[in-house]
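Please read the structure below before turning to the comments.
Read-outs: derived from the displayed coordinates by stated rules, not from any lab. Because the structure is a prediction, the values reported are computed rather than measured. Please note: Cβ atoms are built from the backbone with ideal geometry, for glycine as well, and neighbour counts cover all protein chains shown.
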Amino acid sequence: MRRLLSLLAVLTLVVAQFAITPASAGKVPVYQSNSGTAIDGTDPISYYTEGRPVAGDAGITHDWNGATWRFTSTENRDRFAASPEKYAPQYGGYCAWAVSQGYTASTDPDAWSIVDGKLYLNYSKGVQKKWEGDVPGHIASGDRNWPGVLK
């Protein structure tokens with residue numbers, strides 16, 4: 001019996017190492033650039049307060065949802081930390097138009113819009129024009145597709 005329990009314990013550890021969880025089954029929940037930061041290091045609060053993307057400071061960061069987020073000030077960092085879902089881009093910062101089409105793509109921090117208080121990013125200004133062709137329809141499709149497109 002003791003040997004069987006030991007074998008079962010070892011088997012459980014081995015299976016746990018290879019178990020596939022939603023986060024490890026596909027892409028990460030937040031798009032990260034080659035620098036390893038969300039929104040290419042842009043302060044997400046700046047879209048709301050400055051009306052434009054502003055590069056964050058590498059010394060002022062907050063880790064959330066598997067990504068490092070940069071901020072222009074500790075005030076912005078603290079505001080984000082208190083309510084990240086309010087300020088983080090929808091669909092994990094992946095291209096909103098791509099998610100509405102059923103796949104993921106990277107984003108350009110300069111191709112953005114705020115709709116009903118939510119930040120949406122796009123792959124490029126050209127893709128943003130496609131997004132703008134039917135924003136409510138694309139949001140409805142994106143909401144249906146997210147987070148399934150990560151698998």
Checklist entry - Just the Cα atoms of the stretch 89-151, one point each, no solvent: what log10 I(q)/I(0) does Debye give at q = 0.24, 0.28 Å⁻¹? => result -0.92, -1.28
Checklist entry - What does the charge count near residue 52 come to, summing +1 for each Lys or Arg and -1 for each Asp or Glu among other residues with Cβ under 12 Å from its Cβ? => result -3
Checklist entry - Using the Cα atoms of the stretch 30-88 to build a convex hull, what is its mean projected area in square nanometres? => result 3.4 nm²
Checklist entry - Can you work out the FRET efficiency for the pair residue 114 and residue 57, with r the C-beta to C-beta distance and R0 = 22 Å, to the nearest 0.05? => result 0.45
Checklist entry - Short version: ³J(HN,Hα) in whole Hz for each residue of the stretch 56-68, in order, from phi by Karplus 6.51 cos²θ - 1.76 cosθ + 1.60 (θ = phi - 60°), x for Gly and Pro, what are they? => result x, 8, 4, x, 10, 10, 8, 8, 8, 6, x, 9, 9
Item to check | Distance between the stretch 82-151 and the stretch 44-65 - C-alpha centres, whole angstrom | outcome: 17 Å
